[in-house]
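Participant: Sharing a structure here in structure tokens format.
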Amino acid sequence: GRCVQGTFTVDNAALPASLRVGVFGLERLAREPDAAPWVVLGPPLHTSAIARWEQQHVTGRRIAVRTASRRGFDDLVGAGVGIGVMPRRLAALDRRLVEVPAFREATAELTTPAWLLTHPELQGRAPVVAVMRTIADYLAG
């Protein structure tokens, strides 16, 4: 691999995707967002774009859990521990989750990066590149 402008790439074996996000939670929490506790990202994820948004929009008294696990974050929000900022496509996979409309405008321009990687031996092969682009487009949804 090589480093280009601070972004890790492996020549043509990596493809960046930009995921749109929103605030999601269980219906009962989404109805009263001012009273809802939050699940937020903790170290080392606290420097991400989502965490910076959380630092600006979520007060400390409303934070129920800080987690460094993306999977744990999703499970906590799905279990009703609190509301949280999640990629829209990921939230759509959990039927228990609804978007919190009160934060739709505040998160309209917020995205989080994701990288799709493939083995270097497959880089540049047309079918692999086509699949990676299709997945990236879907995730960007």
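The values are calculated or read from the model by the stated rules, or taken from the named source; none is laboratory data. Since the model is a prediction, treat every value here as computed from it, not as a measurement. Because the Cβ atoms are built from the backbone with ideal geometry, glycine has one as well, and the counts that use them run over all protein chains shown. Remember, those area values only see protein heavy atoms, side chains included, never the ligands or the DNA or RNA. Shrake-Rupley method; radii C 1.70, N 1.55, O 1.52, S 1.80 Å.
Participant: Mind grabbing the accessible area of Leu122 for me, 1.4 Å probe, Å², rounded to tens?
Facilitator: 60 Å²
Participant: Another question, if that's okay. Could you order Glu99, Glu109, Glu32 by accessible surface area, starting with the largest, using a probe radius of 1.4 Å?
Facilitator: The residues order as Glu109, Glu32, Glu99, largest area first.
Participant: Would you mind getting me the FRET efficiency between Ala108 and Thr59? Use the beta-carbon distance for r and R0 = 22 Å, nearest 0.05.
Facilitator: 0.55
Participant: Okay, next question. Name the residue, out of Arg104, Arg52, Arg61, whose mean-square fluctuation peaks in a Gaussian network model built on the chain with Cα pairs under 10 Å.
Facilitator: Among Arg104, Arg52, Arg61, the largest GNM mean-square fluctuation belongs to Arg61.
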